[in-house]
Number of protein chains: 2
Amino acid sequence: MGSLPLDASPRPLDPEAFSGESRAVVNFLAEYYRDVDKYPVRAAELEPGLLRKLLSEAAPEDGEPLEDVLEDVRRDILPGLTHWQSPSFFAYFPMNASTAGFAGEMLSVGLNVVPFVWAASPAAAELECVVVDWMAKLLGLPQRLLFSGGGGGVLQGSTCEAVVCTLAAARDRALARLGHESILKLVVYASDQTHVTFQKGARLVGIPPPNFRVIRTSAASGYGLTADAVRAAVDRDVARGLVPLYLCATVGTTGLGAVDPVRELGEEARRRGMWLHVDAAYAGSAAICQEFQELLDGVELADSVSMNPHKWFLTNMDCCCLWVASPRALTSARATDTEYLKNVGTVGGAAAVDYKDWQISLSRRFRAIKLWVVLRRYGADGLRAHIRRHVAAAKWFERAVTVDERFEVVVPRKLSLVCFRLRERFPEDDAVDDLNRELLAAVNESGQAFMTHFVVDGKFVIRLAVGGAMTEMKHVMDVWELLQGKAEEVLRRHQL
Amino acid sequence: MGSLPLDASPRPLDPEAFSGESRAVVNFLAEYYRDVDKYPVRAAELEPGLLRKLLSEAAPEDGEPLEDVLEDVRRDILPGLTHWQSPSFFAYFPMNASTAGFAGEMLSVGLNVVPFVWAASPAAAELECVVVDWMAKLLGLPQRLLFSGGGGGVLQGSTCEAVVCTLAAARDRALARLGHESILKLVVYASDQTHVTFQKGARLVGIPPPNFRVIRTSAASGYGLTADAVRAAVDRDVARGLVPLYLCATVGTTGLGAVDPVRELGEEARRRGMWLHVDAAYAGSAAICQEFQELLDGVELADSVSMNPHKWFLTNMDCCCLWVASPRALTSARATDTEYLKNVGTVGGAAAVDYKDWQISLSRRFRAIKLWVVLRRYGADGLRAHIRRHVAAAKWFERAVTVDERFEVVVPRKLSLVCFRLRERFPEDDAVDDLNRELLAAVNESGQAFMTHFVVDGKFVIRLAVGGAMTEMKHVMDVWELLQGKAEEVLRRHQL
């Protein structure tokens with residue numbers, strides 16, 4: 001039978017080496033968290049291609065010690081990162097890391113099972129079914145979106161993925177009735193505040209770009225989409241022989257935190273046989289607090305709902321919950337049946353969920369254990385405290401802006417996002433946008449905080465998105481002080 | 001300004017708590033690796049819904065200690081998992097965990113940055129550019145797929161995602177020329193051995209299902225797709241006024257490890273203006289060994305190439321490398337431009353890669369640091385040793401099967417996958433499939449190993465996929481002994 005091959009290095013899962021090296025990384029990260037507020041929050045100016053010059057041109061032939069690798073991370077990589085876990089990160093929407101989220105992710109990554117079909121790791125699929133039902137209950141979602149009510153949920157990587165999957169489901173339901181050539185007639189609707197990835201998703205599934213309706217919103221509705229505007233757009237399209245397919249309602253838009261009225265839009269969607277998706281990527285987390293559940297009023301009319309625990313729910317990247325009222329509609333767009341997957345003795349039958357058909361990819365990670373550990377460790381009450389702490393801090397900040405006559409709040413705050421700016425001194429003061437731009441740049445260049453902007457009705461607006469895992473009242477007070485100081489400088493410089 | 005809100009618990013990134021709890025999880029996982037071969041490899045029969053009965057109906061109101069959570073994982077979850085990291089896992093394709101892959105993932109998860117645009121974390125985007133070029137060089141890919149040669153790469157989550165993105169790129173390139181209504185005429189080509197997710201991907205991007213050509217392969221070509229068969233199919237479609245769009249060549253198919261001849265297919269694709277994608281999800285890892293690079297012969301004709309370090313390259317889930325010759329073709333299908341993302345002072349310009357446009361989702365994880373740590377820690381030589389060790393073990397197994405007259409090898413082994421079965425005793429012995437089914441069930445039910453099957457030309461075939469991170473020669477010898485014993489029992493039971 002020939003000689004036995006040598007068992008050469010590496011021994012990639014030797015428990016002793018695993019323990020030692022993993023502890024070293026834990027220490028490295030604990031030190032990072034201890035020092036994170038010493039780094040400039042936004043990465044310093046970095047010349048594109050700089051890191052390439054620092055690193056070798058090819059992978060090393062021989063393995064190198066972990067200490068060398070960590071040292072290079074410290075020296076070459078950390079200075080070029082924007083520190084999303086800094087307590088003074090107020091940009092975009094913060095993405096939460098946490099001790100429990102990290103523990104859960106370690107379990108997922110360490111066990112490294114692939115629950116693509118139920119039978120390939122039954123407990124992993126089962127835990128996912130349980131945890132999405134837990135989440136749905138916490139958010140006050142209707143029974144019809146729970147497994148226990150005939151619907152069900154899945155953990156995906158991002159809202160984009162959820163949108164692509166539900167768009168494809170809506171598309172295939174329509175095309176099954178109308179024939180594939182009708183793909184050219186399908187129309188999707190969203191507002192000018194809806195995240196741009198919705199457009200990307202519609203294009204991905206083959207909706208002709210001219211059939212994407214961006215409906216204007218205005219200050220009058222708090223930049224929420226109105227049912228009247230949707231109805232007008234839909235009626236026009238129907239009159240032209242087009243087919244209304246899918247309406248996206250956003251609860252907490254990315255730019256301004258605007259809330260589309262789910263109930264009104266849901267009624268409009270039903271009237272026209274459209275799929276209604278509710279994207280609550282950011283604001284969904286807040287719905288675990290009873291006082292914010294009204295933001296989702298009417299959600300029982302939705303065909304699908306998504307929210308991202310990886311934003312404001314102490315769950316490290318990535319984790320997006322997607323619930324659907326009709327799992328069959330979702331999976332029939334994606335079902336795969338192949339001999340290769342019929343391999344396991346344990347076939348679950350109707351009660352077993354094959355999650356491969358609930359998402360774009362076949363392979364998938366055991367995300368459920370991460371979200372489950374977060375829920376177990378912090379409990380619903382701990383998570384509510386986390387949300388309320390940030391809402392309270394944002395409220396404090398909004399009030400501070402309001403009483404400072406140099407500033408104005410541009411859109412009424414709903415949760416933890418405050419959109420504000422230096423106020424116009426004279427009617428039609430074009431220069432005010434430039435002043436705000438200058439102010440934001442000064443804040444970000446200080447390295448003491450990082451915020452981002454948005455443009456609405458042609459106005460440049462500064463966003464303060466409270467939500468970092470380490471962000472406390474103190475950091476919000478600090479950034480306000482920083483803003484006041486920089487505003488004084490900017491105004492003085494312009495002799496205002 | 002009102003009173004300050006209380007800073008209630010949790011403090012989710014307190015460095016002390018983080019250290020303590022993360023160490024506990026490291027210990028838990030080290031113990032798991034130490035004991036993993038004591039679990040039945042494939043999860044025991046589990047009644048669907050069982051876990052739901054064990055767990056509470058809703059998330060707890062109050063947080064619970066980590067020890068309780070880990071104890072529940074041990075008691076309720078581990079017994080219901082299939083142990084993908086067991087050294088006796090020979091099913092599907094193994095998915096590698098490793099100490100370095102885990103360390104890299106911990107860094108990614110702990111830093112929790114989101115490099116969706118270059119400026120949102122420059123060093124993360126830069127490292128990704130560097131590491132995909134490193135990988136391309138190791139695999140011997142042509143210069144045109146490297147950033148340094150005008151192409152470039154990205155780290156995605158799965159081959160499915162890579163296929164969807166490249167299909168959409170090919171589609172949009174065609175439709176820009178032909179008009180969107182031509183989406184009904186686009187045709188994609190693959191073999192009957194191509195992974196079923198390719199079909200799922202084509203459907204997702206709106207290719208009409210009847211325009212998906214599944215070209216038959218046979219034993220004569222080792223179940224590889226022949227250029228003649230492709231040409232015949234394409235010519236038929238062109239004669240009918242259809243438009244050949246995309247050809248998928250697989251190097252190392254999922255069922256049998258068959259290799260499509262990349263050069264011949266590439267020439268055919270060029271002749272017809274089709275996009276050629278080379279899917280080397282599993283076998284690509286082997287191309288770091290010079291003796292296996294010939295499997296990719298002709299890859300310079302490809303428009304895109306993908307392979308999964310999360311399979312056989314010691315990189316924990318998930319990580320899929322995708323390289324394209326024309327980044328512009330890829331990104332123009334997905335580019336998003338919105339005020340929200342123009343937020344950062346540091347704008348990279350031409351040399352800076354905004355990876356959001358290279359994938360389906362906007363948000364993304366810092367996967368680059370994981371693959372980089374793997375390459376640094378093990379070095380190219382360590383990784384080659386890992387591959388060669390498994391190929392040698394599979395070779396030994398193939399030889400053992402060959403010399404045992406009860407068995408036959410069904411398809412010649414190329415790398416670490418051996419497809420074999422109990423041999424027919426009589427011509428047209430229908431019962432032989434049942435015998436093999438029985439044999440596989442007996443092996444899997446023993447809990448000592450887990451293998452899966454495939455069906456080719458109507459024959460039931462057992463697959464031994466060597467590739468687990470802990471799998472050594474000894475485990476392959478053990479599974480052969482197990483197989484022999486179970487074969488004896490099965491044959492005796494049937495008085496053969």
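The values are calculated or read from the model by the stated rules, or taken from the named source; none is laboratory data. Just so it is clear, the structure is predicted and the values come from calculations on it, not from any experiment. Cβ placement follows ideal geometry from the backbone for every residue including glycine, while neighbour counts extend to all protein chains displayed.
Regarding A:ASP337, is this residue facing chain B (nearest Cβ under 9 Å), closer than 30 Å to B:THR253 by Cα and at pLDDT 95 or above? Outline the logic, then answer.
Numbers: facing chain B (nearest Cβ under 9 Å): yes; closer than 30 Å to B:THR253 by Cα: yes; at pLDDT 95 or above: no.
The answer is no for A:ASP337.
Find the residue count for the range A:215-228, including only residues that are free of Cβ contacts under 8 Å to residues at least 60 places away in the same chain and either in contact with a Phe, Trp or Tyr (Cβ under 8 Å, 6 or more places away or on another chain) or surrounded by 15 or more Cβ atoms within 10 Å (Cβ to Cβ) (or both). Break it down into steps so the answer makes sense when it comes.
Keep residues of the range A:215-228 that are free of Cβ contacts under 8 Å to residues at least 60 places away in the same chain, which gives A:215-217, A:220-221, A:224-228.
Then drop every residue that is not either in contact with a Phe, Trp or Tyr (Cβ under 8 Å, 6 or more places away or on another chain) or surrounded by 15 or more Cβ atoms within 10 Å (Cβ to Cβ) (or both), which leaves A:215, A:217, A:221, A:224-227.
Total satisfying the criteria: 7.
Report, by residue number, each residue of the range B:36-53 that is part of a helix (DSSP H, G or I) and either more than 9 Å from chain A (Cβ to nearest Cβ) or among the β-branched types (Val, Ile, Thr) (or both).
From the range B:36-53, those part of a helix (DSSP H, G or I) are B:36-38, B:50-53; that's our starting set.
Passing the criteria: B:VAL36, B:ASP37, B:LYS38, B:LYS53.
Can you tell me which residue within the range B:169-178, out of those that are surrounded by fewer than 24 Cβ atoms within 10 Å (Cβ to Cβ) and of a type outside the set (Lys, Arg), is farthest from A:SER361 (Cα to Cα)? Walk me through how you get there before you give the answer.
Initially, the range B:169-178 is screened for residues surrounded by fewer than 24 Cβ atoms within 10 Å (Cβ to Cβ), giving B:172-178.
Now drop any that are not of a type outside the set (Lys, Arg), which leaves B:172, B:174-176, B:178.
Numbers: B:ASP172: 21, B:ALA174: 25, B:LEU175: 25, B:ALA176: 27, B:LEU178: 29 Å.
Ranking the candidates gives B:LEU178 first.
Collect the residues in the range A:69-122 that are of a type in the set (A, V, I, L, M), more than 19 Å from the chain's Cα centre (by Cα) and facing chain B (nearest Cβ under 7 Å), keeping them in residue-number order. So that I can check it myself, show each step before the final result.
Initial filter on the range A:69-122 (of a type in the set (A, V, I, L, M)): A:69-70, A:73, A:77-78, A:81, A:91, A:95, A:97, A:100, A:103, A:106-107, A:109, A:111, A:113-114, A:117, A:119-120.
With the extra rule that they be more than 19 Å from the chain's Cα centre (by Cα), the set shrinks to A:69-70, A:73, A:77-78, A:81, A:103, A:106-107, A:109, A:111, A:113-114, A:117, A:119-120.
Correct list: A:VAL69, A:VAL73, A:ILE77, A:LEU81, A:ALA103, A:MET106, A:LEU107, A:VAL109, A:LEU111, A:VAL113, A:VAL114, A:ALA120.
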**Request:** Check A:ARG52, A:ARG42, A:ARG11 and return the single one that is of a type outside the set (Phe, Trp, Tyr) and touching a Cys at 6+ places or on another chain (Cβ under 9 Å).
**Result:** A:ARG52
**Prompt:** Among A:ARG421, A:ARG425, which is the only one that is of a type outside the set (Asp, Glu), in a strand (DSSP E or B) and not assigned by TED's automatic domain parsing to the domain that holds A:LEU314?
**Reply:** A:ARG421
**Message:** Condition (residue is among the polar types (S, T, N, Q), farther than 30 Å from A:LYS356 by Cα and part of a helix (DSSP H, G or I)) applied to the range B:162-177: is it met by at least one residue?
**Reply:** no
**Request:** Mind listing whichever residues of the range A:309-328 are within 15 Å of A:LEU141 (Cα to Cα) and part of a loop (DSSP other than H, G, I, E, B)?
**Result:** A:ALA325, A:SER326
**Message:** Yes or no: the range B:265-275 includes at least one residue that is buried (at least 18 other Cβ atoms within 10 Å of the Cβ), within 17 Å of B:THR159 (Cα to Cα) and touching a strand residue (DSSP E or B) at 6+ places or on another chain (Cβ under 9 Å).
**Reply:** yes
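Residues A:ARG173, A:ARG216, A:ARG177: which one is touching a helix residue (DSSP H, G or I) at 6+ places or on another chain (Cβ under 6 Å) and away from every other protein chain (no Cβ under 12 Å)? Explain how you work it out, then say what you get.
Details: A:ARG216 fails: touching a helix residue (DSSP H, G or I) at 6+ places or on another chain (Cβ under 6 Å); A:ARG177 fails: touching a helix residue (DSSP H, G or I) at 6+ places or on another chain (Cβ under 6 Å).
Matching residue, one of A:ARG173, A:ARG216, A:ARG177: A:ARG173.
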**Message:** Can you pull out every residue in the range B:451-466 that is outside any strand (DSSP E or B) and β-branched (Val, Ile, Thr)?
**Reply:** B:VAL466
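Within the range B:423-435, is there a residue that is under 21 Å from B:GLN193 (Cα atoms) and modelled with pLDDT under 95?
Filtering the range B:423-435 down to residues under 21 Å from B:GLN193 (Cα atoms) leaves B:433.
So of that shortlist, the ones also modelled with pLDDT under 95 come out as B:433.
Yes; the residues of the range B:423-435 include at least one that is under 21 Å from B:GLN193 (Cα atoms) and modelled with pLDDT under 95.
Of the residues B:GLY140, B:GLY153, which is touching a residue at least 40 places away in the same chain (Cβ under 8 Å), more than 9 Å from chain A (Cβ to nearest Cβ) and buried (at least 20 other Cβ atoms within 10 Å of the Cβ)?
Working: B:GLY140 fails: buried (at least 20 other Cβ atoms within 10 Å of the Cβ).
B:GLY153 is the lone residue from the list that is touching a residue at least 40 places away in the same chain (Cβ under 8 Å), more than 9 Å from chain A (Cβ to nearest Cβ) and buried (at least 20 other Cβ atoms within 10 Å of the Cβ).
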**Message:** Against the conditions (1) among the hydrophobic types (A, V, I, L, M, F, W, C); (2) over 18 Å from B:PRO115 (Cβ atoms); (3) buried (at least 17 other Cβ atoms within 10 Å of the Cβ); (4) at the interface with another protein chain (Cβ under 7 Å from one of its Cβ atoms), where does A:ALA58 fall short? Just the number, please.
**Reply:** (3)
**Item:** Restricting the range A:365-411 to residues that are out of contact with any helix residue (DSSP H, G or I) (no Cβ under 8 Å at 6 or more places or on another chain) and free of Cβ contacts under 8 Å to residues at least 12 places away in the same chain, the residue that is farthest from A:SER158 (Cα to Cα)
**Value:** A:VAL403
**Asked** Across the range A:179-214, what is the total count of residues that are buried (at least 22 other Cβ atoms within 10 Å of the Cβ), out of contact with any Lys or Arg (no Cβ under 9 Å at 6 or more places or on another chain) and in a helix (DSSP H, G or I)?
**Response** 3
**Request:** Tell me, yes or no, whether the range A:457-468 has at least one residue that is over 18 Å from A:VAL411 (Cβ atoms), in contact (Cβ under 8 Å) with a residue 40 or more places away in the chain, buried (at least 19 other Cβ atoms within 10 Å of the Cβ) and not hydroxyl-bearing (Ser, Thr, Tyr).
**Result:** yes
